[in-house]
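I have placed the structure first, in the form of structure tokens, so that the comments after it can refer back to it.
The values are calculated or read from the model by the stated rules, or taken from the named source; none is laboratory data. None of these values were measured; they are calculated from a predicted model. Cβ atoms come from the backbone with ideal geometry, glycine included; neighbour counts cover every protein chain shown. In case anyone asks, the SASA skips ligands and DNA or RNA and just uses the protein heavy atoms, side chains included. Shrake-Rupley method; radii C 1.70, N 1.55, O 1.52, S 1.80 Å.
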Amino acid sequence: GCWGAEGRVAQKLLQDLFANYSSALRPVEDTERPLSVSLQVTLAHIIDMDERNQVLTSYLWVRQVWLDAHLRWDKEVYGGIDSLRIPSSFVWRPDIILYNNADDRFGSSMETNVVLSSDGRILWDSPAITRSSCRVDVSYFPFDGQRCRLTFGSWTYNGHQLDLQNRLDSGDLRDFVDNVEWEVLGMPATRNVVTYGCCSEPYPDVTFTLLLRRRASFYVFNLLVPCVMVSFLAPLGFYLPADSGEKVSLGVTVLLALTVFQLLVAESMPPSESVPLIGKYYIATMTMITASTALTIFIMNIHHCGAGARPVPPWARRLILHHLARICCVYEVGDGCKSPAPPPRPPREDNREEVMGLEDRPVEEKTGSCPRDDCVCHHEVLVRNVNYITGCFRRHRAAQQRTGEWKKVAKVMDRFFMWIFFFMVFLMSALVLGRAA
């Protein structure tokens, strides 16, 4: 019986309140005074951050509180009823929308109930999934932070009709569900009064600034670390023997691998003039690998100098074969970096006689039964042949010596550029990490 009586009283209260009520008019007793509306936003979840289209999708709980002068009653008269929960379409609602909305559908919040108190105070809590435009700065990607603004205000009521106030100094983050990609540092709220070019009246708004910082672990292990590892392969192309035929292939393969990583980064970034930090690192590394491949081709050309090549210039012999060879520890096979090269062994006398020919021997013996005077012609022919063979052997040895010097020049240059490019890769990696910090 008590519950039935209370239900009939609540129904009578609802009929009395809305008998002559219109939800189309602003509920104030004095039309010259503005209606105060307080706004509070609770961030529940960050659904997506689209860097390429610069759109932030978030799940919000929006609370609006205002005073309706036409919906008051004496709770003692109506059985002590202090509040009613009625559909929000029954009462007047402020047309507060998200100014920087980026959704193709300009839908309002969900049609939830409002809590109507006996003193005319209306509390309207409504969840909303918003797509807001956010200016994304990817200069320090993947170690970047973003500032996304959510600006709420009335679309038709100016500041003389509706006074919008922020209920708290910041957005409520107590019910926020952690995002796997973004870390929320804060959500301060500020009230602004703006006079637009279309109208002379001021329009107040409340702007919530969402401070985000990217969790860079995923990008470090999937984009940055592989790039650093591939980059350290490029200087090793100088250490690869020139006769293997794989020096240029290694440089081209590393360049193609970095191109794939660069395309992956470019697909997710907005097409703007600000190049991300990891993109700059990729471009610098690709430039370095291109230069190393070009130098490898040049050094291979030096290595494969044939027998008709010129001798090594004196300045190159002094600078490269002496000074750079000592700095880079390039010695002959079997020599250490600290022990000097052993002196060459002097040729044996019997070998010298075999190599230089038979012209130094006294021709005293006779061949067979031929007299000495009759063998003079044969002796001259033999001497000419031996001299010819000796000259060919000397020219061959000189050509081999020139070819060996050019190969050693190429080897010294390989080692020198290998250490130079190792230093450049280390320096670029340190600069990227230092700037990110």
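Run the accessible area of the range 3-214 with a 1.4 Å probe and give the carbon-and-sulfur part as a rounded percent.
Details: 5480 of 11310 Å².
About 48 percent, which is the carbon plus sulfur part of the accessible surface.
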| field | Charge dipole magnitude, Cβ of K and R +1, D and E -1 - the range 3-214, Cα centre, debye nearest 20 | value | 60 debye
| message | I'd like the distance between the alpha-carbon centres of the range 196-265 and the range 23-51, rounded to an integer number of Å. | response | 42 Å
| message | Explain nothing, just the number: relative contact order of the range 3-214, from Cα pairs under 8 Å at least 6 residues apart, as a whole percent. | response | 23 percent
| Projected-area average for the range 3-214 over all orientations - Cα convex hull basis, square nanometres | 14.4 nm²
| remark: The base-10 log of I(q)/I(0) that the Debye equation returns for the range 1-50 at q = 0.25, 0.28 Å⁻¹, one scatterer per C-alpha, is -0.99, -1.08
| task | With unit charges on the beta carbon (Lys/Arg positive, Asp/Glu negative), name the residue among Thr57, Tyr21, Gly145 whose Cα is farthest towards the positive pole of the charge dipole of the range 15-168. | result | Gly145
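What does the charge count around Pro127 come to, taking other residues whose C-beta lies under 12 Å from its C-beta (Lys +1, Arg +1, Asp -1, Glu -1)?
Around Pro127, the charge tally is -2.
Beyond 13 Å, what share of the Cα-Cα pairs of the range 231-293 remains, rounded to the nearest whole percent?
Details: 1210 of 1953 pairs.
Pairs farther apart than 13 Å: 62 percent.
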| note | In whole percents, the bins of 10 Å from zero upward hold the Cα-Cα pairs of the range 135-260 as 11, 24, 19, 15, 12, 10, 6, 3, 0
| Whole-number accessible area per residue in Å² for the range 3-214, which is evaluated in the context of all protein chains at 1.4 Å | 53 Å²
